[in-house]
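Notes follow the structure.
The values are calculated or read from the model by the stated rules, or taken from the named source; none is laboratory data. Predicted model only: the values in this text are computed from it and were never measured. Backbone-built Cβ (ideal geometry, glycine too); neighbour counts: all protein chains shown.
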Amino acid sequence: MPKLRLDKFLADQGLASRKELREIIRSGRVSVNGSAVKSADWKVDPESDQICFDGSLITAASVRTLMLYKPLGVVSATEDKNEKTVLDLLPPEYRRMGLSPVGRLDKDTSGLLLLSNDGDFLHRVISPKSAVEKCYCATVEGEPDEEDVKAFQEGLLLRDGTTCLPAKLELLGNDRCLVRVTEGKYHQVRRMLASRGLPVKELKRLSIGGLLLDETLGPGGWKELGPEDLCRVFRT
Ligand code: URA
């Protein structure tokens, strides 16, 4: 494991904020291999160094991934000057674990969002190579029809010249449909439907790969995922 700053290591374990930790470290409450260390930028190797806080051994937290039922009105970011972020929905200890949204949902899109501090997992999910299918339920202005289904299958050309890979459109009747895409371009589903003259009124993500949104969570609810859940993301 590469060496990292003492304050960063302790912050990643959810002990306190970087700012609070600088003060804590300065006061001598943290030791490395038995000796008090008072500088926050001291470099530690969490695998070989014994790092203690008030005498208790602190070990590297395992990687964590959460499922969040993103509500409308919050942004998929870790911080924002003006807007409430998805991290603001979590308890303080989780806000300090280095979690990031795995891909993005628009502020006015709800549904399944993963948050992870596992960089490898995050990159694997969003990599075009993985082609993980995301399923969205959309309510639109107008009524999608079989012509739209065909156009999605063939791969759409958006108004600004962007080309989309073939995608699946499933008609649910009236103004509702399911859209399945393997890409994650900016506002992709809204732009795809708009290109067919079907502006989106409501959009909700239901699944990522074989992992379904747990509807019992309710908007703003979240839960930790285990290895089985994470494998489902890469299955269809
Ligand atoms: N496509 C969109 O247009 N918006 C989202 O939030 C996700 C996919």
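Taking the stretch 93-110 as the search range and keeping residues that are in a loop (DSSP other than H, G, I, E, B) and among the basic types (K, R), which one is farthest from the ligand (Cβ to nearest atom)? Lay out the reasoning, then the answer.
Pass one, the stretch 93-110, residues in a loop (DSSP other than H, G, I, E, B): 96-99, 102-109.
Checking which are among the basic types (K, R) leaves us with 96, 104, 107.
On the way: R96: 26, R104: 7, K107: 8 Å.
Among those residues, the one meeting the criterion is R96.
Here is a yes/no grid of residues against (1) among the hydrophobic types (A, V, I, L, M, F, W, C); (2) assigned by TED's automatic domain parsing to the domain that holds G221; (3) within 11 Å of the chain's Cα centre (by Cα); (4) surrounded by 15 or more Cβ atoms within 10 Å (Cβ to Cβ):
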| site | (1), (2), (3), (4) |
| --- | --- |
| C52 | yes, no, no, yes |
| V74 | yes, yes, no, yes |
| T78 | no, yes, yes, yes |
| K81 | no, yes, no, no |
| V86 | yes, yes, yes, yes |
| L89 | yes, yes, no, yes |
| P92 | no, yes, no, no |
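Across the stretch 111-123, what is the number of residues that are assigned to a helix (DSSP H, G or I) and aliphatic (A, V, I, L, M)? Walk me through it before giving the result.
Start the filter on the stretch 111-123 by keeping residues that are assigned to a helix (DSSP H, G or I), which leaves 119-123.
Pick out the ones that are also aliphatic (A, V, I, L, M) and you get 122.
The total comes to 1.
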Could you tell me how many of the residues in the stretch 24-36 are farther than 17 Å from T59 by Cα and either within 31 Å of the chain's Cα centre (by Cα) or surrounded by 14 or more Cβ atoms within 10 Å (Cβ to Cβ) (or both)?
1
